[in-house]
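Let me begin by presenting the structure, written as structure tokens, before commenting on it.
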Amino acid sequence: MYRYCKNICGVISRNQYVSNLFHCKYSTENKFNMHEKTFEGRPLYLDAQATTPMDPRVLDAMLPYMTAYYGNPHSRTHAYGWETEKAVEEARMKVARLIGADPKEIIFTSGATESNNIAVKGVARFYSSKKKHVITTQTEHKCVLDSCRILESEGFSVTYLPVNNKGIVSIEELERAITPETSLVSVMTVNNEIGVQQPIQEIGKLCKAKKVFFHTDAAQAIGKIPIDVQSMNIDLMSISGHKIYGPKGIGALYVRRRPRVRVEPIQSGGGQERGLRSGTLPAPLVVGLGEACWIAEKEMQYDHQWMVKLSSRLLDKIYGSLTHVIRNGDPNHSYPGCVNLSFAYVEGESLLMALKDVALSSGSACTSASLEPSYVLRAIGADEDLAHSSIRFGFGRFTTQEEVDYTAQRCIHHVKRLREMSPLWEMVQEGVDLKSIQWSQH
Amino acid sequence: MSSTRIEVLNLYKYMLKEAKKIPAYNFRNYALRRIKDSFRENKNIDDPDLISSCIAEARKNLDILRRQVVIASMYSTEKLVIEHIQPKES
């Protein structure tokens, strides 16, 4: 609320405002103390978009490769190498099956960030002699945007497509942006901050017709929504292990073989992974990713039903008790396990501080260290103050209904408390239109 | 009672018993929910081949449960805030 410590011209005087603040802070101390209650135990985990806990079934599959089977999967001359290679190839098959690909089209990497780097920079650089244009969207993950910035410094031109206020990119605008110079279109499948699903099928169709390669960052989508690289015409796709209850430090990149997509490798070395990603494969992590994909394939429908149940439970409770709550992103085209809400007149950071007993985030983990409002929320046209007041609730396979109930109850309690402290909220209650206030800086 | 029926019921019982031993709140609740829902989902299966493949999978999962309960009990953390509030679970 201190962000609003500016003189409010024409509505209330500065003195009145300061006395309001003073009143809030010191009159009823217990009620407004930020550290009002100590709680016992570890906080609940509701940040599934940052990472997910590793499934015990995944750990069980990995353990033998961390203890007994330690061979280098690339060793060709002995049984230690063969047994690990067999496990790696089985994992590759499981990853491929989840997305409808051929196992030979799967490249293991260290995670989705590396996959995105290889895809975006690799394709653009390989075809740079003929084509020097790349298209992406404003709401992509930082690693795609930063790779594009690097490409710009290398002389490529990059189009950052805007999204509408629901967070969805327009096909017509994409079609207009594609030129004969364009080599790659990169659009994420599910957004990590607002959970919005892009029209991947339509984009794939358009890219195929225009003969442009299509890359999608599916780190948040894999194993959660059905994806088929054939029917969706996806040429490259990034996959992450730790977003699907697998281990951290492993990911994969799907690279289409027919028609062949050529990629310039970033890492030089022994030529593993079709020469696209040199370096010894971390066999235990690869096995973990394979197992996580296999479980995701089996459990997708079951997990999805659970996500729908949990998110509607949370939304019902919050909408039932609070007004002025805005859901960011298109609710009809989003992954139900990610609910991004803006509580008007409450600062997100204050709410996160108050909700210490629940592990939540105001946006992506990569940018949560800064107090800057999320660029994704700004791209969907959220007002500055609403972008500052957003909270992301991320559910997973292991989230319980009791946890959702607890979170909703705590959240409602703290939003009400913080609003009572806010002079803005008071003004809204009195019927003042905040947009009409002329703020002046001192 | 057929021998298959007894076997399935025993598996169900053993799996639930093992799942209750998982120290971590989230994993324990998931395991209990998943086991109950799976057996309920599959209770009307008639195909004997399918029944035996389901039994084989359940046996495999029971083994995983047993191993993971041992591992998890060596690395358990303090309880979640929610467990202090409602010590009794369904």
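Only the coordinates and a few stated rules stand behind these numbers; no lab work does. Predicted model, so just to flag it, every value in this text is computed and none were measured. Note: ideal-geometry Cβ built from the backbone for every residue, glycine included; neighbour counts use all protein chains shown.
Filter the cross-link list A:Lys243/B:Lys43; A:Lys121/A:Lys205; B:Lys43/B:Lys79; A:Lys104/A:Lys210; A:Lys86/A:Lys205; A:Lys142/A:Lys416 down to pairs whose alpha-carbon distance in this structure exceeds 30 Å. Checking Cα-Cα distances, A:Lys243/B:Lys43; B:Lys43/B:Lys79; A:Lys86/A:Lys205; A:Lys142/A:Lys416 exceed 30 Å. Taking the protein assembly as shown on its own, what percent of its Cα-Cα pair distances exceed 42 Å? Here the long-distance tail beyond 42 Å is 28 percent of all Cα pairs in the protein assembly as shown. Amide hydrogen proximity for A:Thr159: with H placed 1.01 Å from N in the peptide plane, the residues at 5 or more positions away or on another chain lying under 5 Å are A:Val134, A:Ile135, A:Thr136. Quick one: in chain B, what % of C-alpha pairs are over 22 Å apart? Value for chain B (Cα pairs over 22 Å): 34 percent.
Among DSSP beta bridges lying fully in chain A, give the percent that are antiparallel, nearest 5.
Percent antiparallel among DSSP bridges in chain A is about 55.
Applying the Karplus relation 6.51 cos²θ - 1.76 cosθ + 1.60 with θ = phi - 60° to region B:12-22 yields 3J(HN,Hα) values of 4, 5, 5, 5, 5, 4, 5, 4, 5, 7, 5 Hz, where x marks Gly and Pro. Subtracting the Cα-Cα distance of A:Ser129 and A:Tyr160 from their residue separation scaled by 0.36 nm leaves 9.0 nm. Projected label points at A:Arg97 and A:Ser75, each 7 Å from Cα along the beta carbon direction, are separated by 2.8 nanometres. The Cα atoms of region A:126-233 give a gyration tensor whose axes a ≥ b ≥ c have a/c of 1.5 or more with a/b greater than b/c, which makes the shape prolate. Size of region A:314-442: Rg and Dmax of its alpha carbons, in Å, are 15.0, 50.
At A:Asn332 and B:Lys36, where each label point lies 7 Å from the Cα along Cα→Cβ, what is the point-to-point distance in nanometres? For A:Asn332 paired with B:Lys36, the spin-label model returns 3.6 nm. At full extension, A:Asp383 and A:Lys86 could sit 101.6 nm farther apart than now, given 0.36 nm per residue minus the alpha carbon distance. Among the listed pairs B:Lys17/B:Lys60; A:Lys298/B:Lys13; A:Lys132/A:Lys248, a Cα-Cα separation exceeding 27 Å is found for A:Lys132/A:Lys248. Mind checking the log10 I(q)/I(0) for region A:251-341 at q = 0.10, 0.15, 0.16, 0.22 Å⁻¹? Debye, one equal scatterer per Cα, no solvent, two decimals. With one equal scatterer per Cα and no solvent, log10 I(q)/I(0) is -0.53, -0.82, -0.85, -1.09.
Estimated at 0.36 nm per residue, the fully extended path between A:Lys309 and A:Arg258 surpasses their Cα-Cα distance by 14.4 nm. Each Lys or Arg adds one and each Asp or Glu takes one away; over the other residues whose Cβ falls under 9 Å from the Cβ of B:Lys79, this sums to -2.
The distance between label points at B:Ser73 and A:Ser268 comes to 5.5 nm (points 7 Å beyond Cα on the Cα→Cβ vector).
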